[in-house]
Structure formats: structure tokens, C-alpha cells
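Here's a structure for you.
The values are calculated or read from the model by the stated rules, or taken from the named source; none is laboratory data. Predicted model, so just to flag it, every value in this text is computed and none were measured. Ideal geometry is used to build each Cβ from the backbone, glycine not excepted, and the neighbour counts take in all protein chains shown.
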Amino acid sequence: MVKRTSLSSNYAVAYAVKMADVDVIAAYPITPQTHIVEKLSEFIANGELDAEMIHVESEHSAMSATIGASAAGARVFTATASQGLELMHEILHIASGMRLPIVMAVASRALSPPINIWSDYSDIMNARDTGWIIYIVSSAQEAFDTIIQAYKLAENKEVLLPVMVAFDGFVLSHTFEAVDLPEEEEVRRFIPKQVTWYTLDPENPMTLGPLGPPEWYYEFKYQQVVALNKALEIAKQVDDEYGKVFGRKYGLVEPYRLDDAEIAIVAYGALASTAKAAVDEARKNGVKVGLLRLRLFRPSPVEEIAKYLENVKAVGVMDRAISFGAPYGGPVFADIMEALYMKGVDTLLSSFILGIGGRPMYLHDVLTVINKVKEIAESGRRTIETYYIGVRE
Amino acid sequence: MAKSSRYVPPPSTGWRKLPIGAVIPWPGNSEEYKTGSWRTLRPVIDQERCIRCAICWMYCPDAAIIELKQEYTTKAGRKYDKTYVVNYDYCKGCGICANECPVKAIKMEPEVK
């Protein structure tokens, strides 16, 4: 029986991890993620979860201990944010390179300096090329569902890659929403524990993490390329299967009122909810606008991006991170531009930056974006400006 | 992947045939990797001067000094029941043995003259 309860995204993640019956959690506290591992500690202390909690001295060690446990065949979990994700950056590459199915939650937060504990996606964007699968979710329910999907995807024999599930710090991590929790047994049936990867075993010794000289290294990196591409297909399958069992599926991208849209905006994370309201508002005034929410950031769902945006006159991409010195625009903007160009979709693209360091993103901010995209569509001219919404002169 | 121990994939092996994550599931196959080719200087043991103290054998960081149960009689008539030789397959020519030898019985000679 499904139980409806009120949870923050942090707690929703903790419940999902408990239901996934993880064996080892290694974590270091950092705002705004701390509630996740705090709740998991509580589950362990109460005897609700039979897992080992390793209190490490840094995020570098958190990911290292998680790798060690995963290499021993354990189902593992960790969570971090911001500076913590930066400190574990080196080890992120090791997790994906060693093909270990680690699942990590990231309550996305801005990077220092100045010190800022509030939400943006600068941390996640820096993890882009680490070889991890990266989801960005938009609600507590989706955070719960995606953690379960993440284990299914990570442990798939054709994938065997670590998965990051990111969501806005505070805006999602600390706010409470209604969440439907399925039966624990049902979750465990969906993700049965099977060790599908190479593990350390004294009976069957092997070397993990050896030297890879020039004559071997390249082939292992290419294997990662193939696996990450494969993950795109498997992520879709997992989402479909999840939908059949639990009644909720999300797709790799989520289109909103795009069917008859003349212009479109692109968003990710909690901003997508505000953007939906803004789309409704703009449509009341006769603007035929739609929204594409990006849910899977890596691997990039190129086909879906092109499919949903091929018929609009102009697209405005809203980024919650700055790519300093980039040729043009924000990091996700660059992805969308690349996807559309390579798919032969010719539309008028523009890049918008907002919600940096927790700066509130109001309905009128998104309406400003929509109006600008509309202007660009009407002018029929390409713009070379990146719009920094709300920055004070 | 159930290959026998010490299997080494041939250098032409493509990405499909390699175990993922650079795992080496063939224990002990580093033995097949002959590191002796790294050497620029080779230690040569003078069996006449060697006093069989085994210091080189103890100090060698690569276990490349081998103790043989092989008798040796010096020209002066001194008899030993063992002989120390270098395993040039793995000796990287670091020279620690020559440095530690108390009777200077090991000389480092250039590989290429």
C-alpha cells in the first residue's frame, strides 16, 4: 500500500536509500545535504536499516570509502554539495573509471567565494565530464523515484557507472511536499541485490585500479564512452519499468505545452516548476510558449532535445550556473546549442543566467525571459548577448 | 573471462575484449611483465669476490637477486654451497645491491657501450 506523507527532498532521498537496502554509507556533513545522512543515521540507529555508516574526515574520503565498499560488493550511497563535490572531484573520476555503481545525492549549492550556502548548479556543472550519469530532479517525489531508478540503472550490466541525483539546495532539499512512498518490499523487488560488477574476493583474486600505460588506457576510456551512451537507452527502459510498477515516470526530458508552441524555454531543477507557471501566465496573454525541462543532464538526451525543439522559432535556455569565459552562454545552453546544431535544427537560441547563489527566481523573472525570447523570435535575428537576469547595475 | 592465472591479453586486444574498469582478473600476471628492459646499468656479480653474505639478496627491492643451491669453489680454493645471481628479467638496474655489497663484488656495467 502506498503511504502519502510529507517530506523534504533530503528526507525523500533518505527514505529511498533505506528502501534500497544499502550496505554502506560514507559521508561528510555539508549544508544543504546534511539532513540526508542524518536521517540515514537515524534509520541505522533505530534498526530500520542494516547498514554501515562510515564517518569520514572529508568528502575526498567519503567518495574513496564508498569506492572501497562498492569494490567489495556492497550497495553504497553518499551525498554531498558544493565545496564537498569539488573536494571529491578527483575521486569522481576514479568511481566512473573503475565502473562502480555508486549512487550519490547532491543538494546543489553555489561555490565559494564569497561563501554562499544557497542554491545554484555551479557544483554539478563542474562534475559534467567526470563520466557520471547525472540527473537533475524537480520535486521531492521525483528525488525519491530517481534514487530508486539510479540503482537500477547503475547496476545494469551494460552500464555499471555511478549516478548522481541532483536537486536545488534548500528550495527542494529543505521544503516539504507530499510524497507517495511505496511498500519497501516492492522497491526491493524492483532493485534486487545482485552483484553485477567486478569485486574484491580473496577466493578469486584480481587487481582493481591498476596502472594503464598508453598501450591500454585509451581502450578503457572508450569502454566508458560506450557505457555512457548505452545508459541513455537503459535510463529510458528503467523509467518505463518504474512507471509500470509504481505509476510514475518522467522521461529523460519533460515537455510542457510544447505541442503547439511557437517559442520555448528550457529549464532544470526547481526552476522548471516556476517556469511552468510562467508558461501558463504567458499563454493567458496569447504567447504560444512551451517549456522543456531537462531531467537527464549526462548522458545528454540529444534525440529528445531535438525532437521537442525542432519546430519552435526561438529557444531561451535558463542556466543556474555561469560558465566563465565560455564562447557564449551558460553550460546547459551550450549543450542545447550543440544538440540542435548537430541535429540540423535551426532555431534562434538565447542564453539566460538566473538564480545564482540562491538569488530568488520569481515568476516575473521567467516572464522576462519569455518576453525576450518572443522578441528575438519576432525580430528573426540571432542574438549574441547572454542575458544575466536580475543582476544589479 | 575464466582465463588461467598469469594470462596477459595480446597487445592487439580491442576494447570489447578487455574487462571493464581496467580490472585484471588474472592474478599474478605482472610476472609476465618483464621490467628488466627499463635497465640502463646491469649489476654483474664477481663470484670470486662474493662472500655469500646475502646482503644484496635482502636489499633488492624487486627480489631480482636469486639464491641458487649451487656449489662454487674460488680459485683460492674457498668452497661455497650457494651462488647468488641476478634475474635480468626483472632487475631494473637501480644499483642498490652494488652500493650495499660490503666487498664490492657487484659492478654496474652499462647495457649499451
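Determine the pairs where a residue that is facing chain B (nearest Cβ under 8 Å), located within region A:203-221, has a partner that is surrounded by 14 or more Cβ atoms within 10 Å (Cβ to Cβ) and among the polar types (S, T, N, Q) with Cβ atoms under 9 Å apart, the partner being 6 or more residues away or on another chain.
What qualifies is A:206/A:199; A:207/B:29; A:207/B:30; A:208/A:199; A:210/B:30.
While we're looking at this one, here's another question. Out of A:355, A:344, report the one residue that is closer than 26 Å to residue A:300 by Cβ, touching a residue at least 60 places away in the same chain (Cβ under 8 Å) and not hydrophobic (A, V, I, L, M, F, W, C).
So the residue among A:355, A:344 that is closer than 26 Å to residue A:300 by Cβ, touching a residue at least 60 places away in the same chain (Cβ under 8 Å) and not hydrophobic (A, V, I, L, M, F, W, C) is A:355.
For residue A:211, are the conditions met, namely being in contact with a helix residue (DSSP H, G or I) (Cβ under 7 Å, 6 or more places away or on another chain) and either assigned by TED's automatic domain parsing to the domain that holds residue A:143 or of a type in the set (A, V, I, L, M, F, W, C) (or both)?
No; evaluated as a whole, the condition is false for this residue.
I'd like to check something: does region A:30-49 contain any residue that is out of contact with any strand residue (DSSP E or B) (no Cβ under 6 Å at 6 or more places or on another chain) and on the phi > 0 side of the Ramachandran plot?
yes
While we're looking at this one, here's another question. With the requirement that a residue be free of Cβ contacts under 8 Å to residues at least 12 places away in the same chain and either in contact with a Ser or Thr (Cβ under 7 Å, 6 or more places away or on another chain) or on the phi > 0 side of the Ramachandran plot (or both), what does region A:249-306 give you?
A:286
Scan region A:169-179 and tell me whether some residue there is buried (at least 19 other Cβ atoms within 10 Å of the Cβ), at pLDDT 95 or above, at the interface with another protein chain (Cβ under 10 Å from one of its Cβ atoms) and at negative phi.
For region A:169-179, residues buried (at least 19 other Cβ atoms within 10 Å of the Cβ), at pLDDT 95 or above, at the interface with another protein chain (Cβ under 10 Å from one of its Cβ atoms) and at negative phi: absent.
Now for a separate question. Just checking, does region A:309-319 include any residue being surrounded by 18 or more Cβ atoms within 10 Å (Cβ to Cβ), within 16 Å of the chain's Cα centre (by Cα) and among the acidic types (Asp, Glu)?
yes
Looking at region A:255-273, which of its residues are over 24 Å from residue A:375 (Cβ atoms) and surrounded by fewer than 20 Cβ atoms within 10 Å (Cβ to Cβ)?
Across region A:255-273, the qualifying residue is only A:273.
If I filter region A:336-358 down to residues being in a loop (DSSP other than H, G, I, E, B) and among the small types (Gly, Ala, Ser), which single residue comes out as nearest to the chain's Cα centre (by Cα)?
A:355
State whether one or more residues within region B:29-43 are over 30 Å from residue A:96 (Cβ atoms), among the hydrophobic types (A, V, I, L, M, F, W, C) and within 14 Å of another protein chain (Cβ to nearest Cβ).
yes
Are there helices (runs of 4 or more DSSP H) fully within region A:54-166 with at least 2 residues that are closer than 27 Å to residue A:195 by Cα and more than 14 Å from every other protein chain (Cβ to nearest Cβ)? List them.
Where helices (runs of 4 or more DSSP H) fall fully within region A:54-166 and carry at least 2 residues being closer than 27 Å to residue A:195 by Cα and more than 14 Å from every other protein chain (Cβ to nearest Cβ), they are A:59-71, A:89-97, A:140-154.
When only residues in region B:35-57 that are free of Cβ contacts under 8 Å to residues at least 40 places away in the same chain and small (Gly, Ala, Ser) count, which is nearest to residue B:100 (Cα to Cα)?
It comes out as B:54.
What tally of residues in region A:77-106 results from selecting those that are hydrophobic (A, V, I, L, M, F, W, C) and within 13 Å of residue A:161 (Cα to Cα)?
Looking only at that region, the number is 8.
Quick check on region B:15-34: of everything there that is surrounded by 14 or more Cβ atoms within 10 Å (Cβ to Cβ) and touching a residue at least 24 places away in the same chain (Cβ under 8 Å), which residue is farthest from residue B:104 (Cα to Cα)?
Selected residue: B:25.
How about region B:11-25: which of its residues are at pLDDT 90 or above and either part of a loop (DSSP other than H, G, I, E, B) or over 21 Å from residue A:97 (Cβ atoms) (or both)?
Correct list: B:12, B:13, B:14, B:18, B:19, B:23, B:25.
Based on what the data block shows, is residue A:47 within 14 Å of chain B (Cβ to nearest Cβ) and at pLDDT 95 or above?
no
Shifting gears a bit: Taking the condition of being surrounded by fewer than 17 Cβ atoms within 10 Å (Cβ to Cβ) and touching a residue at least 24 places away in the same chain (Cβ under 8 Å), how many residues in region A:39-52 meet it?
3
Against the conditions (1) outside any helix (DSSP H, G or I); (2) closer than 18 Å to residue A:160 by Cα; (3) over 21 Å from the mean Cα position of the chain (by Cα), where does residue A:50 fall short? Just the number, please.
Only one criterion in (1) outside any helix (DSSP H, G or I); (2) closer than 18 Å to residue A:160 by Cα; (3) over 21 Å from the mean Cα position of the chain (by Cα) is unmet by residue A:50, namely (2).
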